[in-house]
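What follows is a short report on a single structure.
The values are calculated or read from the model by the stated rules, or taken from the named source; none is laboratory data. Since this is a predicted model, take the numbers as computed values, not measurements. When we count neighbours, we look across all protein chains shown, and the Cβ atoms used for this are built from the backbone with ideal geometry, even at glycine. Please note that ligands, DNA and RNA were not included when accessible areas were found on the heavy atoms of the full protein model with its side chains. Shrake-Rupley method; radii C 1.70, N 1.55, O 1.52, S 1.80 Å.
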Amino acid sequence: MPAVNLKQKTGVIMVLFAVWLPQSALACSVCFSAREETRAAFYQTTALLTLLPLFMLAGFVIWIRRRFKRAEGSDIKASV
Amino acid sequence: MIFFVAMEIMFFAALISAYMIVKSGTLFWPPPDQPRLPVNATAINTLVLLASGFMLFRAERTFGQAKNPDAAKILLRLSIFLGTIFVVFQGYEWVKLIGFGLTMTSSTFGGFFYLIIGAHGSHALAALLVLYLMQRKLHKNQLSREEFWASQIFWYFVVGVWPILYILVYLN
């Protein structure tokens, strides 16, 4: 029988721990409820959290653009 | 301040999302054994907060006008006063609700109520403190337009997010 070194023993123990230790967990935010309302709420909130930063970013870009245009306009007026 | 408020908007959006998902998974919301929230009294308090936001808006308008510099001071004080009434009433409401048995650990509803409304309350307190500091600066004629504008954005955020929270938490 081939001799098992310390590295292999540690590996076997770690694999056994990996098999025994984990317990069942709720993997996603809607696993606790299978209701249609929960599914709808999940979609709605996903849309909210995805689109909100994009809208804020778009708003910020529009605001910067307007400020630049206003500054350009005042520069032209000053030069005339 | 705009970036800070954007971050805060995402923070509240995350809280609202969690609240909506948990709420959708229950048959009865709020739970039958939990006290009801004071919808009508908080509606009046909502109007007080909106009035505070309007007063701040008027204060900013008059701030730039050299004709009547005292008007901005009065309007800003009025805005702070109305904001303080809102926060004090919220505190009173919390004391009453805790007395009726609605606590952080009494139910998921209670936990979410104190988390969301508490987060808003702490923001309102911080924004009021900022407004108070601005008021002191204005009194000494040391307030710049940029500083005033930054504090306004913070307060408008506190005022603007409240009706959404009121509709979601109190009315639904």
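Quick notes
- Search result, residues across region B:15-35 that are without any contact (Cβ under 8 Å) to a residue 12 or more places away in the chain and either in contact with a Pro (Cβ under 7 Å, 6 or more places away or on another chain) or open to solvent by less than 50 Å² (accessible area, probe 1.4 Å) (or both): B:SER17, B:ILE21, B:SER24, B:GLY25
- Apart from one condition, B:ALA71 fits all of (1) exposed (fewer than 15 other Cβ atoms within 10 Å of the Cβ); (2) free of Cβ contacts under 8 Å to residues at least 24 places away in the same chain; the exception is (1).
- Residue count, region B:33-77 (criterion: more than 18 Å from B:PHE157 (Cβ to Cβ) and hydrophobic (A, V, I, L, M, F, W, C)): 12
- Condition met for A:LEU16 (in a helix (DSSP H, G or I), within 14 Å of another protein chain (Cβ to nearest Cβ) and at pLDDT 90 or above): no
- None of B:LEU102, B:LEU128, B:LEU133 is more than 19 Å from B:LEU168 (Cβ to Cβ) and in contact with a Gly (Cβ under 7 Å, 6 or more places away or on another chain) except B:LEU128.
- Residue count, region B:101-115 (criterion: open to solvent by 60 Å² or more (accessible area, probe 1.4 Å) and part of a helix (DSSP H, G or I)): 2
- Here B:LYS137 passes the criteria (1) over 19 Å from the mean Cα position of the chain (by Cα); (2) assigned to a helix (DSSP H, G or I); (3) crowded, with 19+ Cβ neighbours inside 10 Å except the one numbered (3).
- Conditions (1) within 27 Å of B:TRP155 (Cα to Cα); (2) in contact (Cβ under 8 Å) with a residue 40 or more places away in the chain; number of the one not met by B:SER122: (2)
- Residue satisfying all of: in region A:34-54; facing chain B (nearest Cβ under 8 Å) and small (Gly, Ala, Ser); least open to solvent (accessible area, probe 1.4 Å) among these: A:ALA41
- For region B:44-68, the set of residues classified as touching a residue at least 12 places away in the same chain (Cβ under 8 Å), small (Gly, Ala, Ser) and either loosely packed, with under 14 Cβ neighbours inside 10 Å or more than 26 Å from B:TYR114 (Cβ to Cβ) (or both) consists of B:ALA59, B:GLY64, listed by residue number.
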